[in-house]
Structures are given as C-alpha cells and as structure tokens.
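The structure under discussion appears below in the form of structure tokens.
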Amino acid sequence: MREQKKDGFKAAGHDKPFSPTKDPHKRVKADFDHKTDLNERKKNFKDEDGKVKIEPPNFLTNPPKKGQVGKGTTFEGVLPYKPDPYDHKKELAKKELEEHKAKCQEKPFSQKVRPKGNFSTDLQAYGEDVQIPARKPKPARPPLMTHDHPFKPSHPPKKDAVRKTISAFPPYKEDPPKPVVRKQKAENEEERPRWRPTHNEKTRPAVSVTTMTKNLRCEFPSVFKRGV
C-alpha cells in the first residue's frame, strides 16, 4: 500500500498541500431554522475544575455470600430428616370420602317419579268399561271318517333319505317342441306399409378441437391481440 509522508508536499517543491479548486459538496440553506420536537439537554460530566465527576453505578448486585466451601456446606445448617408416611395418600382419600358422605342426604338422589295413574282407567277412556257379552262357542263337528288307528305308512323312508314320497319319482320327459306355423294372409286383409327409417338427423363430421377460439388464442396470441 502507498504510505503517506508527513510534509511530503514540501519535498515535492510546494508551499501548501493539494486542495481542490471547487468544493464538491453542495450546501443547501433552508428558508427557516431547524427546530426539534424534543428538548435536548447536554449533560456536563465535568466539574468546575474540569475533572470528570464520578457518579454511582447504574445497577447494584448483592455481594457474594460468606461461608465455607466444600462438601456438605449449607447456609442454614443441616436439615433434619423427616420420614414421609407410607399410607398418606390413602389417608387423604379416606378423609375426602368422609367429608363427601357427611354432605350427602340420607336417601340418595332418584330421578324416577312414582306413577300415580290417570283420572280414569284405560277401559273408561276407550269406553270399554261396559260388560261385553261372551261369544257363543262354535258347535263341535263330528269327524268325516272314523278309523281305529291313525295313518301310518307301511315302509317309512330312512333318515336323510332323498326319496321320501309314497310313490317313486316320475321319469324325466323333455318338453315337446312347439311347431312354428307361418301366419297366412287373409284374402281381404290390406297389406301393411313397411317400416322406413327417418332422415331427420344424418351423420356429419365432428369439428376438431383445434379450431376452437380458446385453443387458437393460445396457439396464435399475436393474431388475437387487441389494438392499442
């Protein structure tokens, strides 16, 4: 780096050090004096003799505690050992339960209401409290046929048997074919017109999606550009 020598301009044959001919800084003079919103006060930390005043510190701390350093050192001495009761938790729960039972009523709370009934019975409300005559019993019918013993098959089927009928299964027979007979035209019957398809809608080629205005704008944006 280039070192700056003191009074180097004299060695170069100059009476004064170099200074620019024009001041590059522009000085702007305001039309009014500058006034601050705060009341700025300058503090003087020196006395009349010009010595710096020594003021109290900004914050204070407690001095370190005095005592011995080492194992078992305490500020108030060794605390005595106090054992904790083993069933202390159960004793507290029992005490809370007794206080709760002391506040309860003699009879526990019941939300059920005793049924007292209505002013009239159901029979009186529906009008059926009048004595209804009994129905006449149906006369007994004599049996159509009398037998000495109930019916019993001579050869009952075995357990889990397939054919549990009186007679054997009938043999399998296929359904007879149905004859197809052409319907003959009557002599005086008029001939019906044949069915003909309509020509309301004919096939036409589908329009390609590339010709849609939205797709054309994406493909050629300069064509659909609005004039300025």
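Backbone geometry of segment 205-210 corresponds, through the Karplus equation with coefficients 6.51, -1.76 and 1.60 at θ = phi - 60°, to 3J(HN,Hα) couplings of x, 6, 7, 6, 6, 6 Hz, x marking Gly and Pro. Taking other C-beta atoms within 10 angstrom as a stand-in for reagent exposure, His149, His88 fall in the order His149, His88, fewest first.
Entry note, the chain: relative contact order of 3 percent, from Cα contacts under 8 Å with a spacing of 6+ residues. Taking the chain as the reference, fit the longest principal axis to its C-alpha atoms, fit the long axis of helix 88-103 to the helix C-alpha atoms, and give the angle between the two in degrees, 0 to 90, nearest 10. Helix 88-103 and the main axis of the chain meet at about 60 degrees. For segment 176-220, applying the loop criterion from DSSP together with a ceiling of 15 other beta carbons within 10 Å to the GluC sites (Glu not before Pro) yields Glu187, Glu189, Glu190, Glu191, Glu201. Ranked from largest, the principal axis spans of the Cα set of the chain equal 161, 95, 57 Å.
Once Lys and Arg get +1 and Asp and Glu get -1 on their Cβ, which of Thr74, Pro57, Pro139 lies farthest toward the positive end of the dipole of the chain? So the residue furthest toward the plus end is Pro139.
Under 19 Å of direct C-alpha separation, and excluding same-chain neighbours fewer than eight residues apart, Lys42 reaches these lysines: Lys51, Lys53.
Each value in this text was obtained by applying a stated rule to the coordinates, not by laboratory testing. Note that this is a predicted model, so its numbers are computed, not measured. Note: ideal-geometry Cβ built from the backbone for every residue, glycine included; neighbour counts use all protein chains shown.
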